[in-house]
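> Quick one: the structure is below, questions incoming.
Bear in mind that the values in this text are calculations on the coordinates, not laboratory data. Quantities reported herein were computed from a predicted structural model and do not represent experimental measurements. Don't worry about glycine lacking a Cβ; one is built from the backbone with ideal geometry, like all the others, and counts go over all protein chains shown.
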Amino acid sequence: MKKTWGDFFWCERIGICVSKPGGATSRASVAQRLRQPEAQRDRYTTSTSSNNFDYSSSTRMKGLFKSKPRTPADIVRQTRDLLGYASRSTDGRESKREEKMTELCKNLRELKSILYGNGESEPVSEACAQLTQEFFREDTLRLLITCLPKLNLEARKDASQVVANLQRQQVNSRLIASGYLETNLDLLDILVVGYENTDMALHYGAMLRECIRHQTVARYVLESEHMKKFFGYIQLPNFDIAADASATFKELLTRHKSTVAEFFSKNYDWFFAEYNSKLLESSNYITRRQAIKLLGDILLDRSNSAVMTKYVSSRDNLRILMNLLRESSKSIQIEAFHVFKLFAAKQNKPQEIVSILVANKSKLLRLFADFKTNKGANEKENTHNGIASENWGKKPEKKGDNDTVLTKQEEPTYCATIAIDPTSPQPITGPQGETEYGARTE
């Protein structure tokens, strides 16, 4: 076994070498070493010792304690263990708990990096597949949702993005998240009710919108009692939460066409009664604007043709739409006009609808005279003329002042705020040249 000068203790001035236990060397080599100049001997000893002892020792130590890289599955398993600790921990040692939570937040960032990639590299599909399989193998999602309030803000954001991404991950052309949620639908109850928690609403809302990408999940929410709660969530005083709830509400009613059509066929009466009274007639401008736009999207969808036919046959619904046409906001007017066209263009309209349209024809034409949509003036004019000439039914034989179509020069400046009352089939002229609707005759 080769020995170096580091294996010996030198006794200066005496020139005697004492070997360490187990060491061995020859007297001749020691004597030769002692005859060398002191400076050379020190230099030789230093270089030999550092090269042969320190370097080899540090190399062996690094190889012995070097950590093995963690796989995505390892990170998920460790995250699950930490979430379990966070959910049941009653440990009074704050330092230990803080250490565990810090490690949990770090793991969530790593999971996010694997799924989304970083600035230097794109996500690896194989790593994402391993992560997804391990994540849904056990109740990691449940633990993450229930422990979310215990995380700090940045960790909540990372967790929301991880859950959102996992809803789209396919393994062997199969959405594992969908199968997991089908057997754990009670998690949706936690997410929906999350809108009632100001601190958690946006995080739970983001998760919920991604979960209802799956048709089974969307059907569960639509058919649950939670659906009625959205009419309250949309009108919450916190604007951010109300807007988030509105986005989720729209996603529920527009993403899965066949499921939504089935929901409307079973729940038409109570749903549109709530929709009209709480949203379309809300005192909040933002609520009215979003509601009338969503209503147009619903009724103009081909899959909801049966719902549209039923909606535009209602006198009460027409009254609400005509009142929305009086809004000072051009945005609401335009969206209301798109829905109003369905009432006017419907074939075989009920007689009460025809009577209301005929009775208010002059006021509607006055309102539309300077009405601009984003589709151009020519199309606007053709649309209005078509409504007036083809779809309003026969004109009453008795003509009144209000039945005269105004020219551009006679157009009143207050036409956008004309009060329209669709309850009377015939315009009745009152004293001082006013109709019962409040609009002065010209």
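> At 7 Å along the Cα-to-beta-carbon direction for both D81 and S331, put a label point, then send me their distance in nm to one decimal.
5.2
> Pairs K228/K330; K341/K363; K157/K250; K250/K278; K106/K150; K228/K346: which exceed 21 Å Cα-Cα?
K228/K330; K157/K250; K228/K346
> Related question: Just to check I understand the Karplus step: with θ = phi - 60° and J = 6.51 cos²θ - 1.76 cosθ + 1.60, what whole-Hz values come out for the stretch 312-321, glycine and proline as x?
7, 9, 9, 5, 5, 5, 5, 4, 5, 5
> Please label the shape of the stretch 127-178 as rounded, prolate or oblate, based on the square roots a ≥ b ≥ c of the eigenvalues of the alpha-carbon gyration tensor (a/c under 1.5 means rounded; beyond that, a/b larger than b/c means prolate, else oblate).
Prolate, because a/c is 1.5 or more and a/b exceeds b/c.
> Using amide H atoms built in the peptide plane, which far-off residues or other-chain residues are under 5 Å from S224 H to H?
The answer is none.
> Next up: Could you rank the peptides 161-173, 243-255 by their average count of other C-beta atoms within 10 Å per residue, with the highest value first?
Highest to lowest by the protection proxy: 243-255, 161-173.
> Sort the following peptides by mean Cβ neighbour count (other Cβ atoms within 10 Å, averaged over residues), highest first: 233-240, 102-109, 339-346.
Top to bottom by mean Cβ count within 10 Å: 339-346, 102-109, 233-240.
> How would the stretch 147-272 be classified by its alpha-carbon gyration tensor: rounded, prolate or oblate, with rounded meaning a/c under 1.5 and the a/b versus b/c comparison settling the rest?
oblate
> In percent, how large is the relative contact order of the stretch 189-297, given Cα pairs closer than 8 Å and 6 or more residues apart?
Result for the stretch 189-297 is 22 percent.
> Per residue of the stretch 97-107, in order, report the coupling 6.51 cos²θ - 1.76 cosθ + 1.60 (Karplus, θ = phi - 60°) as ³J(HN,Hα) in whole Hz, putting x for Gly and Pro.
Per-residue couplings from phi come out as 5, 5, 5, 5, 5, 4, 5, 5, 4, 5, 5 Hz.
> Moving on to the next point. Counting Lys and Arg as +1 and Asp and Glu as -1, what is the net charge of the other residues whose Cβ lies under 10 Å from the Cβ of F272?
Here the charged neighbours net out to -2.
> Order 140-153, 204-217 from most to least packed using the mean count of other Cβ atoms within 10 Å.
204-217, 140-153
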